[in-house]
Amino acid sequence: MRAQATLKKVFDNKQRELDKKQEDLQKEREDIEKQRDVLSKSALAKRVDKWQREMMQLQGVFVDYNKELQKKQGELTQPIVQKIMGAIRRLATQEGFDLVVDKQAAPYVRSDLDVTDRIITLYNQGAGDEGAKAAPSEKDKKGGSAPAPLPLPGLNTPPTLAPPKN
């Protein structure tokens, strides 16, 4: 939750910037629509081209911000993931489990086999700390276990402006 709150703070300003640019482009599009019959074809084409270039730039900024969000999320969540993995290893060793599977990967899980609450308890007690201090595995270094980006309002949705009708 803290990692998510930190991410939200980091990207709120950027989201406001994106929203402002998108709002400006929407207003420009509406202005182009209003002046469609007044402007010459070449002037209208120039404005439409300019608007489309600005829209493409905005979409590029959106992509860059999203990549930055994913990178920052990985930095913030990696220690948490490592600590959870340590708690899972410890519980599996203590209980003699041969396999621990994320319940999202299984179509059905008996509730008596679910160890989620026990892992959370171990995590909160610091039992997974040895996993947090361990060096990341090759899979982790390559980003194989990187979590999906957190859904932040508006950041996971590309700008929705469309070019003016011809």
- Links exceeding 23 Å between C-alpha atoms in this model, out of LYS8/LYS67; LYS9/LYS50; LYS21/LYS50; LYS14/LYS72; LYS50/LYS72; LYS14/LYS34, come to LYS9/LYS50; LYS50/LYS72; LYS14/LYS34
- Note on the structure: Simple SL model, points at 7 angstrom along Cα→Cβ for GLN26 and ASP49; separation in nm is 2.8 nm
- Kirkwood-based shape ratio for the range 1-112, expressed as Rg/Rh from alpha carbons: 1.31
- Task: About the Cα centre of the range 25-110, how large is the charge dipole given +1 on each Lys and Arg Cβ and -1 on each Asp and Glu Cβ? Please answer in debye to the nearest 20.
- Result: 80 debye
- Please give the length that would be gained between GLN57 and ASP37 if that part of the chain were fully extended, namely 0.36 nm times their separation in residues minus their C-alpha to C-alpha distance (nm, one decimal). 4.5 nm
- Query: Order of 77-85, 45-53 by packing, highest average Cβ count within 10 Å first?
  - Reply: 77-85, 45-53
- Message: I want to check the label-to-label distance for ILE120 and VAL100. Put each point 7 Å from Cα in the C-beta direction and report it in nm to one decimal.
- Response: 1.5 nm
- Query: Tell me, what HN-Hα J-couplings in whole Hz come from the Karplus equation 6.51 cos²θ - 1.76 cosθ + 1.60 at θ = phi - 60° for each residue of the range 13-29, using x for Gly and Pro?
  - Reply: 4, 5, 5, 4, 4, 4, 4, 5, 4, 5, 5, 4, 5, 5, 5, 4, 4
- Message: Given the range 39-89, report the % of alpha carbon pairs whose separation exceeds 15 Å.
- Response: 67 percent
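Every read-out reported here was derived from the displayed coordinates using simple, explicitly stated rules and does not represent laboratory data. These figures come from a predicted structure and were not determined experimentally. Glycine gets a Cβ as well: all are built from the backbone with ideal geometry, and neighbour counts include every protein chain shown.
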